[in-house]
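Heads up, the thing below is written out as structure tokens.
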Amino acid sequence: MSPALPSRPAAAAQAASPEAIPPVPATAAYGRFRRHRLEFLCAGAVLLYVTVFIALPYAMVGVFSFWKKSLYTIRPAFSLANYAQALGSDVYATVIGNSLIVATAVTLVAGVLGYVLAYYLAMYARRSRNLLFFLLVVPLWTSFLLRAYIWTIILGREGILNTLLLRMGLVHQPLSLLLYNKFSICLALIYIFLPFVALPVYAALEKIPRSYIEASRDLGAPPASTFRHVIFPLTVPGLVAGATVVFCLSFGDFITPKLLGGSSDIMIANVIIEQFGAAFNWPFGSALAIVVLVVVFALLGMAAMLARLTGQSR
Amino acid sequence: MTDDTVLALERVDKRFGDFVALDRLDLEVRRGEFLTLLGESGSGKTTTLRIISGFEDPSDGLVYMNGQRLNGVPAHRRRVNTVFQDYALFPHMTVGENVAYGLRFDGVGTHERRRRACGMLARVGLADRIDQRPEALSGGQMQRVALARALIKEPEVLLLDEPLSALDAKLRKELQLELKRMQRATGITFVYVTHDQDEALVMSDRIAVMDRGRIRQLGPPADVFERPESLFVAEFVGASNRFEGVVVELDGNRPVVELQGGDRLTVNISRTRPLAHRDRASLIIRPEHITLNPGRLGNDEASDALRNAVAAWLEDIVYLGVERKLVLRGPGGGRIEVHERGDRLPADLADHVGRTVQLVLPAEHLHAFPADEAGAA
């Protein structure tokens with residue numbers, strides 16, 4: 001290049017070479033910051049998010065759980081009385097047990113159904129795939145409350161299902177066991193949370209190259225063995241991710257039991273909400289929340305460990 | 001069908017909607033041979049492979065293995081294994097588990113599976129990688145694992161679908177020889193699909209040149225390369241120069257063709273269909289077979305004295321190491337390429353760039369085909 005030209009490349013080289021950086025604070029740390037500016041920015045955003053939305057609220061709940069309630073105020077203290085109350089009474093253990101049963105049932109059924117649905121969508125549906133996919137996602141656009149409430153209309157005494165059964169002559173008087181029990185809670189939660197399993201599993205299935213399945217067949221595997229040894233193991237991460245979300249969300253749900261559950265079907269989230277609301281016992285509510293947190297973490301940890309162990313022994 | 005036929009396809013058709021992938025294809029594969037299906041994409045070579053493996057059913061026609069009908073037998077029950085283009089190694093299994101996978105379905109126990117996988121991996125030089133994940137391997141190593149995984153099943157026929165296409169040139173050359181050695185050592189029949197004619201020439205016992213769902217020529221590499229039966233094969237296999245002309249003389253089985261520029265060339269007889277007087281003909285000759293007439297370099301008055309000589313304008317000389325590629329313009333203005341070893345060329349050749357030189361096109365290497373053949377198929 002002729003030297004007469006205004007040399008842009010030279011200017012660029014100057015900016016890139018470390019010697020050319022003006023002697024602002026030319027420390028190593030500053031240089032590192034300059035080079036990884038975007039990375040630092042992202043990390044900062046994550047840190048901010050985690051602090052504001054996760055660490056602080058939980059810290060506050062943790063602190064409250066040691067406080068004391070006196071009449072209509074709460075005051076700072078270091079008391080384990082709240083935990084004693086939460087762990088000492090069978091009532092709360094039963095309610096937590098209730099929540100566990102519902103969450104486990106919902107996770108299992110939604111897991112199986114969601115998997116089957118995703119499998120059909122990914123492997124068999126061709127022309128109808130987009131439509132089915134749309135139908136799977138579209139309920140997510142409406143309110144959670146609405147999707148839970150709609151089941152009272154379907155399952156109620158004067159509801160759609162009972163009317164249908166009566167018309168068909170299958171029953172002679174409306175069934176009342178459809179609504180306001182664990183069955184109706186589970187049904188609604190399964191319906192609501194099904195896409196949370198189906199979507200990650202579908203994504204995992206989509207990612208499996210056709211040649212893996214053909215290679216398995218080619219090596220002598222009948223279809224069931226191909227599923228067991230190749231397809232399923234490759235979708236386990238998606239399934240576990242989906243199932244975890246479903247478990248946590250159904251365990252912590254309080255709307256569905258309130259709308260569709262009977263008096264004996266309250267779940268732990270209902271109790272906690274009540275402590276923060278009507279009962280105005282934030283310290284006790286916080287203690288309960290911490291207990292639930294520990295239980296859920298323990299369960300998820302065990303599940304993860306189990307998954308890893310079975311993964312290794314395969 | 002003879003005794004040494006391991007696999008036979010009879011009048012196999014395959015249509016995908018309106019697209020005809022295979023058009024009444026007949027093919028017999030001999031036991032223990034290395035057969036290559038050579039063709040461009042869309043010529044039907046991969047479809048042929050997929051019909052043999054059972055991934056596709058023929059629209060019509062029969063497939064036999066060892067005299068038994070294979071139609072309707074599901075892929076997992078065929079004694080045929082495939083090395084896939086993308087290797088298709090299972091990412092959630094170790095190298096050893098990948099190789100041993102197929103034995104699971106032959107009722108082989110866990111320990112025996114591992115022992116045999118280990119032995120197979122040793123044969124491809126990867127015994128120390130048995131407990132690694134496939135993702136830790138290089139492309140060439142993955143290719144070897146894929147080969148081991150298929151060979152451990154001791155198939156009647158091993159199908160290879162462009163297994164080297166993802167590798168760089170040097171490694172590809174190495175693995176070509178290794179595959180060939182493996183094939184000889186095991187005695188297993190290989191059916192190999194490629195669009196790379198060099199690969200086909202290096203490895204094959206026989207080559208089937210495919211075009212639009214049919215086999216245009218089937219024979220040993222030397223036959224396909226040196227005695228092409230059609231204009232298509234002549235142009236597809238190996239680099240070639242093409243001249244157009246008209247038959248002006250039928251001298252026994254050596255017709256004489258007059259080029260557009262007026263030069264007359266004695267040619268090899270067409271093998272597909274005899275040439276008649278006044279027929280338009282396409283002539284094909286390989287760059288290696290054209291020689292420069294050294295004595296008469298640049299001396300164009302004497303051209304008539306020499307048989308099968310053509311005057312051409314030397315445009316460029318490309319240095320290729322041992323060889324030189326000469327780029328020339330023929331009498332009709334068409335491009336001509338000549339490959340010649342550097343030491344066989346006159347030292348002062350560079351002075352002739354931009355001038356006319358004389359080329360000799362030996363009759364035995366000059367293949368003539370009816371000119372309308374290309375379009376007719």
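Excluding B:Leu49 itself, what net charge comes from residues whose Cβ is under 12 Å from its Cβ, given Lys and Arg +1 and Asp and Glu -1?
Values: positive: B:Lys14, B:Lys45, B:Arg50; negative: A:Glu214, A:Asp218, B:Glu56, B:Asp161, B:Glu162.
For residues surrounding B:Leu49, the net value is -2.
Determine, from the Cβ-Cβ distance of A:Ala55 and A:Leu135 and an R0 of 35 Å, the FRET efficiency 1/(1 + (r/R0)^6), rounded to the nearest 0.05.
Numbers: r = 39 Å, r/R0 = 1.12.
So the FRET efficiency works out to roughly 0.35.
When chain B is treated as a GNM, springs tying every alpha-carbon pair under 10 Å, which of B:Asp18, B:Asp211, B:Asp348 comes out with the largest mean-square fluctuation?
Highest fluctuation among the options: B:Asp18.
Tell me, B:Ser43, B:Ser165 in order of fewest to most beta-carbon neighbours within 10 Å? Don't skip to the end; give the middle numbers.
Details: B:Ser43 24, B:Ser165 14.
Fewest-to-most Cβ neighbours within 10 Å comes out as B:Ser165, B:Ser43.
Suppose R0 equals 51 Å; then what is the FRET efficiency for B:Thr110 and B:Ala363 from their Cβ-Cβ distance, rounded to the nearest 0.05? The partial results should precede the final answer.
Details: r = 67 Å, r/R0 = 1.31.
E(calc), rounded to 0.05, equals 0.15.
Run lengths n ≥ 4 of DSSP H only: what is the helix-derived mean residue ellipticity at 222 nm for chain B, with -39500 (n - 2.57) per run over all residues, to the nearest 500? Don't jump to the answer; show the numbers that get you there.
Details: 9 runs with 83 residues, N = 377.
Using -39500 (n - 2.57) per qualifying helix, the result is -6500 deg cm²/dmol.
Normalised by the number of residues in chain B, what is the relative contact order in percent for Cα pairs under 8 Å and 6+ residues apart? Kindly include the intermediate steps, with their values, before the conclusion.
Values: 789 pairs, mean separation 56.5, N = 377.
Contact order relative to length: 15 percent.
Hey, got the average number of other protein chain Cβ atoms within 10 angstrom for residues in A:207-216? List each step's numbers first, then the result.
On the way: counts 0, 1, 4, 4, 8, 7, 2, 8, 15, 7.
Mean partner-chain Cβ count within 10 Å for A:207-216: 6.
For B:Arg329 paired with A:Ala93, estimate the spin-label separation in nm (one decimal), with each label point 7 Å from Cα along the Cα-to-Cβ line.
My value for the distance between the label points is 10.1 nm.
For B:Leu158, B:Leu349, what's the fewest-to-most ordering of other Cβ within 10 Å of each Cβ?
Numbers: B:Leu158 24, B:Leu349 18.
Least to most surrounded, the residues fall as B:Leu349, B:Leu158.
Along Cα→Cβ, 7 Å out, is where each label goes; now give me the distance between the ones at A:His172 and A:Ala279 in nm to one decimal.
The modelled label-to-label distance comes out at 4.6 nm.
Measure off 7 Å from each Cα along the Cα-to-Cβ vector at B:Tyr319 and B:Asp223, then give the distance between these two points in nanometres to one decimal.
4.3 nm
Report relative contact order for the stretch A:81-313 in percent, whole number only (criteria: Cα-Cα under 8 Å, sequence separation at least 6).
On the way: 240 pairs, mean separation 70.9, N = 233.
Across the stretch A:81-313, relative contact order equals 30 percent.
Go ahead and estimate [θ] at 222 nm for chain A from helices alone: -39,500 (n - 2.57) per DSSP H run with n ≥ 4, summed, over the residue count, rounded to 500.
-21500 deg cm²/dmol
Once the protein assembly as shown is represented by equal point scatterers at the alpha-carbon sites, with solvent omitted, what log10 I(q)/I(0) does the Debye formula produce at q = 0.10 Å⁻¹?
-1.10
Under a straight-distance cross-link criterion of Cα-Cα below 17 Å, which lysines are reachable from A:Lys258, leaving out those fewer than 8 residues away in the same chain?
A:Lys182
Please work out the Cα center distance from the stretch B:127-201 to the stretch A:76-149, rounded to the nearest Å.
48 Å
Given a Förster distance of 41 angstrom, what is the FRET efficiency for B:Lys173 paired with B:Arg307, based on the Cβ-Cβ distance and rounded to 0.05?
Details: r = 39 Å, r/R0 = 0.95.
In this case the efficiency is close to 0.60.
Among DSSP beta bridges lying fully in chain B, give the percent that are antiparallel, nearest 5. Write down the numbers at each step before the final one.
Details: 60 of 79 bridges.
Looking only at bridges with both residues in chain B, the antiparallel portion is about 75 percent.
If a/c stays under 1.5 just call it rounded; otherwise compare a/b with b/c (prolate if a/b is bigger, oblate if not). Do that for the stretch A:260-314, with a ≥ b ≥ c from the square roots of the Cα gyration tensor eigenvalues.
Details: a/c = 6.52, a/b = 2.26, b/c = 2.88.
Here the stretch A:260-314 falls in the oblate category.
Rounded if a/c is under 1.5, else prolate if a/b is larger than b/c, else oblate: which is the stretch A:22-124, with a ≥ b ≥ c the root eigenvalues of its Cα gyration tensor?
Working: a/c = 4.82, a/b = 1.23, b/c = 3.91.
Note, shape of the stretch A:22-124 comes out oblate.
Select from B:Ala200, B:Ala88, B:Ala363 the residue whose mean-square fluctuation is largest in a Gaussian network model of chain B (Cα-Cα springs shorter than 10 Å).
Result for chain B, Cα springs under 10 Å: B:Ala88 fluctuates most.
Cut-off is 10 Å between beta-carbons; in what order do B:Lys45, A:Lys68 appear when sorted fewest neighbours first?
A:Lys68, B:Lys45
Over all residues in B:145-157, what is the mean tally of Cβ atoms on other chains that come within 10 Å of each residue's Cβ?
On the way: counts 0, 1, 0, 0, 3, 3, 0, 1, 3, 0, 3, 0, 0.
For peptide B:145-157, the averaged partner shielding equals 1.
Can you work out the Karplus-derived ³J(HN,Hα) for every residue in the stretch B:149-164? Use 6.51 cos²θ - 1.76 cosθ + 1.60 with θ = phi - 60°, whole Hz, and x for glycine or proline.
Once θ is set to phi - 60°, the couplings for the stretch B:149-164 become 5, 7, 6, 4, 7, 6, x, 5, 9, 9, 9, 10, 9, 6, x, 9 Hz.
Run through the DSSP bridge list for the protein assembly as shown and note the antiparallel percent, rounded to the nearest 5.
Details: 63 of 82 bridges.
Bridges in the protein assembly as shown that DSSP calls antiparallel: roughly 75 percent.
Quick note: the coordinates plus some simple rules give every number you see, no bench work behind them. Every value quoted in this text rests on a predicted model; they were computed, and no experiment measured them. As a convention, Cβ positions derive from the backbone with ideal geometry for all residues, glycine included, and neighbour counts pool all protein chains shown.
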